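Worksheet: the structure to be examined is printed underneath.
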Amino acid sequence: SVDESVLRRAADHAVAHLASLPDRPVGARTDVAALRAALDRELPDHGVAPEQVIDDLVADAGPGLNATPGPRFFGFVIGGAQPAALAADWLVGAWDQNAALYVASPAAAVIEEVAAGWALDVLGLPPTASVGFVTGGQMANATCLAAARHAVLARAGWDVEAHGLAGAPPLDVYVGEQAHVTVFAALRLLGLGAGRAVRIAADDQGRMLPEALAAALAAGNGLAIVCAQAGEINTGAFDPLEPIVDAVAAHGAWLHVDGAFGLWAAASPRRAALVRGLERADSWVADAHKWLNVPYDSSLAIVADPAAHVAAMNAAAAYLPASAGGVPDPSSLVPELSRRARGVPVYAALRALGRAGLAELVDRCCDLAAEMAEALAASGRFRIINDVVLNQALAVPEGIAGEDLPRLAAAIQAEGTCWIGPTVHRGTPALRVSVSNWSTTSEDIARSAAAIIAAADGLRS
Ligand SMILES: *Cc1c(COP(=O)(O)O)cnc(C)c1O
């Protein structure tokens with residue numbers, strides 16, 4: 001029989017945690033050593049009652065949680081789960097479906113079909129593209145680039161799935177100078193070599209220079225994958241996709257767009273100019289756990305040519321029946337076989353927001369990032385070093401440089417009003433603000449800016 005009390009207890013704890021987010025210190029209140037001491041209990045020979053397990057977990061882990069789903073966490077690019085998506089995620093756990101195959105979970109497969117169609121719609125991508133529900137941008141980059149590797153080598157008559165890369169025609173990969181680290185990790189995983197990738201120069205915002213790309217492609221051998229970016233991790237800048245698409249098309253190369261957070265700009269009519277030309281690429285990455293604000297772990301690996309996508313990912317075996325869905329099984333679009341139904345929260349998030357709600361979420365975060373930049377600049381004690389075109393702002397405090405910058409970030413985190421991290425943008429250390437949460441308000445920005453300014457003043461004195 002079902003132990004209802006432990007489930008209700010966990011739900012109560014979860015709701016209390018969420019309710020505490022606007023008021024509690026944003027950063028964790030303890031350290032790793034204390035967490036180890038609390039959590040590393042003796043493993044019992046005979047089990048502990050479920051309610052006790054849950055109560056102890058909450059007590060032990062609580063001080064070590066960052067308030068990442070709360071309104072004033074501005075570190076990395078971390079979205080907070082919106083209510084419908086979180087609730088749907090609870091159902092995913094309770095339903096406990098294996099989303100690999102139509103026959104293993106008809107409902108999960110169809111929910112993901114529909115969520116995929118909605119995502120393509122709001123992002124303005126071809127409705128015929130295929131969508132794999134993977135864990136994050138890292139695996140989405142790997143999945144899309146595996147499809148790219150398949151297609152480009154197939155054009156040269158090489159079956160990379162059968163024969164691997166040993167003896168294959170040389171395949172050139174071009175990336176922007178400011179490509180995300182996970183693109184390089186994906187190239188490593190795929191045997192394409194992170195160090196072999198040709199790095200194309202970028203401007204001061206981190207945007208790939210299309211003339212430099214065209215020149216590099218012209219000097220290449222014609223078998224090529226180009227990795228462009230929508231949303232640079234520090235500045236939020238977009239590679240100029242239109243001239244990049246033209247250059248790539250002229251050389252018959254594959255164009256991949258890593259838009260882990262920036263791709264969502266396509267959902268906003270106010271920001272659509274940033275992604276002009278996007279729909280002409282061959283593959284795209286959009287993280288759902290970033291700006292769509294679904295719980296971890298969730299990202300979309302999108303490929304214009306479903307045949308290339310399936311060829312790269314398909315796993316066939318006698319005990320796995322042919323797809324019961326009339327289209328490839330969900331597992332043939334991702335590296336995993338068995339997995340949770342992570343498309344369900346995506347479905348819930350898109351339906352709860354609607355087209356206008358998603359556009360408004362994107363625009364609101366961008367407007368709030370601009371408010372933060374203005375408040376810091378208006379103090380006269382900070383310089384904003386990026387064009388705030390999206391949800392990212394880079395602030396350099398006057399008179400605080402080098403090693404003192406990470407110290408300032410640590411002081412801000414310790415004070416607890418908000419959480420921001422340090423970065424280095426093209427050699428310049430800066431504080432990095434990312435506004436990616438549905439619950440952040442103007443008041444949160446004002447409070448946080450005041451705390452940041454005060455922490456910088458404290459460090460200077
Ligand atoms: C965050 C990010 C990634 C990696 O995504 P994960 O979900 O953390 O794996 C890749 N590319 C860009 C541009 C990103 O911002």
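Here are some notes:
- Only a single item in (1) at pLDDT 95 or above; (2) surrounded by fewer than 24 Cβ atoms within 10 Å (Cβ to Cβ); (3) away from the ligand (no atom under 11 Å from the Cβ) is not met by Gly252, and it is number (1).
- For segment 117-132, the criterion of being assigned to a helix (DSSP H, G or I), acidic (Asp, Glu) and modelled with pLDDT of 95 or more is satisfied by at least one residue.
- Consider segment 8-50 and keep the residues that are charged (D, E, K, R) and surrounded by 15 or more Cβ atoms within 10 Å (Cβ to Cβ). The one that is farthest from the chain's Cα centre (by Cα) is Arg9.
- Count - residues of segment 134-159 that are open to solvent by 10 Å² or more (accessible area, probe 1.4 Å) and either assigned to a strand (DSSP E or B) or more than 16 Å from the ligand (Cβ to nearest atom) (or both): 9
- Candidates Ala341, Ala315, Ala267, filtered to the one that is away from the ligand (no atom under 16 Å from the Cβ) and either among the charged types (D, E, K, R) or over 19 Å from the mean Cα position of the chain (by Cα) (or both): Ala315
- Scanning segment 26-63 for residues that are of a type in the set (Gly, Ala, Ser), assigned to a helix (DSSP H, G or I) and under 27 Å from Asp3 (Cβ atoms) yields Ala38, Ala59, Ala61, Gly62.
- Candidates Ala260, Ala315 - the one that is among the hydrophobic types (A, V, I, L, M, F, W, C), open to solvent by 10 Å² or more (accessible area, probe 1.4 Å), in contact (Cβ under 8 Å) with a residue 40 or more places away in the chain and part of a loop (DSSP other than H, G, I, E, B): Ala260
- Enumeration of residues in segment 226-249 that are farther than 30 Å from Val396 by Cβ, buried (at least 24 other Cβ atoms within 10 Å of the Cβ) and either within 16 Å of the ligand (Cβ to nearest atom) or of a type outside the set (A, V, I, L, M, F, W, C) (or both): Val226
- Any hit, segment 119-130, residues being more than 16 Å from the ligand (Cβ to nearest atom), under 27 Å from Ser283 (Cα atoms) and in contact with a His (Cβ under 8 Å, 6 or more places away or on another chain): yes
- Residue pairs meeting the criteria (Cβ under 6 Å; at least 6 apart or on separate chains; first closer than 20 Å to Ala146 by Cα, in segment 219-237; second aromatic (Phe, Trp, Tyr) and more than 10 Å from the ligand (Cβ to nearest atom)): Ile225/Trp254; Val226/Tyr174; Ala230/Phe238
- Of all residues in segment 175-190, those being open to solvent by 50 Å² or more (accessible area, probe 1.4 Å) and among the small types (Gly, Ala, Ser) number 0.
- Qualifying residue in segment 403-418 (condition: in contact (Cβ under 8 Å) with a residue 40 or more places away in the chain and touching a Ser or Thr at 6+ places or on another chain (Cβ under 7 Å)): yes
- Filter pass, Thr182 being part of a loop (DSSP other than H, G, I, E, B), under 25 Å from Thr423 (Cβ atoms) and not small (Gly, Ala, Ser): no
- Identity of the residue in segment 267-295, aliphatic (A, V, I, L, M) and either open to solvent by 20 Å² or more (accessible area, probe 1.4 Å) or at pLDDT below 95 (or both), that ends up farthest from Arg342 (Cα to Cα): Ala273
- Failed criterion for Ile54 (all others in (1) closer than 18 Å to Ala410 by Cβ; (2) away from the ligand (no atom under 16 Å from the Cβ) hold): (1)
- Residues satisfying the stated conditions in segment 73-115, i.e. out of contact with any helix residue (DSSP H, G or I) (no Cβ under 8 Å at 6 or more places or on another chain), within 16 Å of the ligand (Cβ to nearest atom) and not in a loop (DSSP other than H, G, I, E, B): Phe73
- Answer from Arg447, Arg381, Arg407, Arg426 - the residue that is within 25 Å of Leu18 (Cα to Cα) and of a type in the set (Lys, Arg): Arg447
The values are calculated or read from the model by the stated rules, or taken from the named source; none is laboratory data. All values derive from a computational prediction rather than experimental measurement. When we count neighbours, we look across all protein chains shown, and the Cβ atoms used for this are built from the backbone with ideal geometry, even at glycine. Ligands, DNA and RNA are stripped out before the accessible areas are found, and what is left, the full protein with its side chains, is counted by its heavy atoms. Shrake-Rupley method; radii C 1.70, N 1.55, O 1.52, S 1.80 Å.
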